[in-house]
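**Q** There's a structure below that I have some questions on.
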Amino acid sequence: MSVIGPDGKPRCSWATSAPEYIAYHDDEWGQEIRDDQGLYERLTLEGFQSGLSWITILRKRENFRKAFANFDPERVAAYGPADFDRLMADPGIVRNRLKINAAITNARALLDLTPGELTELLWSFQPAQRPAPQTEAEVPATTPESIAMSKALKKKGFVFIGPTTSYALMQATGIVNDHVADCVAR
């Protein structure tokens, strides 16, 4: 069941508490992303979100883009100790050693793949179409596909990408559509 937003439109209940949530929900969440750099950005942001509220990441997203060279994997993969120190001192992003290291490690892992391979890999875990959830309580935190995706990414050298983060990535990039049945964005 959706919640009526301030504009009178029904939305997923998580998406109505802040203008940033409404814009993200309506314009991005669940929209298909089928390019390696776009998927790398979402994978990185979902990793940074782990343990935090998504609104924190949304409000810092432009800072993340500046700090991580617009998520250009070639530039991020070349980051060294001075870049790491710069990122750890940047109050505009989430300053977490493991998450910063993961962003750099994952850029390097992406460069070890052939162009388009990350996109192909992630989309290979798209589940069979299922009925739209009626309520958010029907939306899982993990699925067999997200567990398999996490394992496949780790085999390719990616880090900080467990099954829950993998499922959030699937939702954010349109690999699954978890908008509730009566949501305006469905």
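**Q** Filter segment 149-177 down to the residues that are β-branched (Val, Ile, Thr) and closer than 16 Å to Asn101 by Cβ and list them by number.
**A** To start, the set of residues in segment 149-177 that are β-branched (Val, Ile, Thr) comprises 159, 161, 164-165, 173, 175-176.
Val159, Ile161, Thr165 - these are the residues of segment 149-177 that are β-branched (Val, Ile, Thr) and closer than 16 Å to Asn101 by Cβ.
**Q** What pairs come out if I take residues in segment 77-98 that are under 12 Å from Phe48 (Cβ atoms) and touching a residue at least 40 places away in the same chain (Cβ under 8 Å) and pair them with residues that are among the hydrophobic types (A, V, I, L, M, F, W, C) and assigned to a loop (DSSP other than H, G, I, E, B) whose C-beta lies under 7 Å away, six or more apart or interchain?
**A** Val94/Leu52; Leu98/Phe160
**Q** From the residues in segment 101-127 that are in a loop (DSSP other than H, G, I, E, B) and within 18 Å of the chain's Cα centre (by Cα), which one is farthest from Val184 (Cα to Cα)?
**A** Filtering first and then ranking leaves Gly116.
**Q** For segment 1-68, give me every one of the helices (runs of 4 or more DSSP H) that falls completely inside it and has 3 or more residues that are out of contact with any Ser or Thr (no Cβ under 9 Å at 6 or more places or on another chain) and within 30 Å of Thr114 (Cα to Cα).
**A** On the way: elements: 19-27, 36-49, 54-67.
Per the criteria, 36-49, 54-67.
**Q** Which of the residues that make up segment 128-158 are part of a loop (DSSP other than H, G, I, E, B), of a type outside the set (Lys, Arg) and open to solvent by 60 Å² or more (accessible area, probe 1.4 Å)?
**A** Listed by number, the residues that qualify are Ala128, Gln129, Pro131, Gln134, Ala141.
The values are calculated or read from the model by the stated rules, or taken from the named source; none is laboratory data. These numbers were taken from a predicted model, which means no experiment stands behind them. For neighbour counting, all protein chains shown are included, and Cβ atoms are generated from backbone atoms with ideal geometry for every residue, glycine included. Note: areas computed on protein heavy atoms with side chains; ligands, DNA, RNA excluded. Shrake-Rupley method; radii C 1.70, N 1.55, O 1.52, S 1.80 Å.
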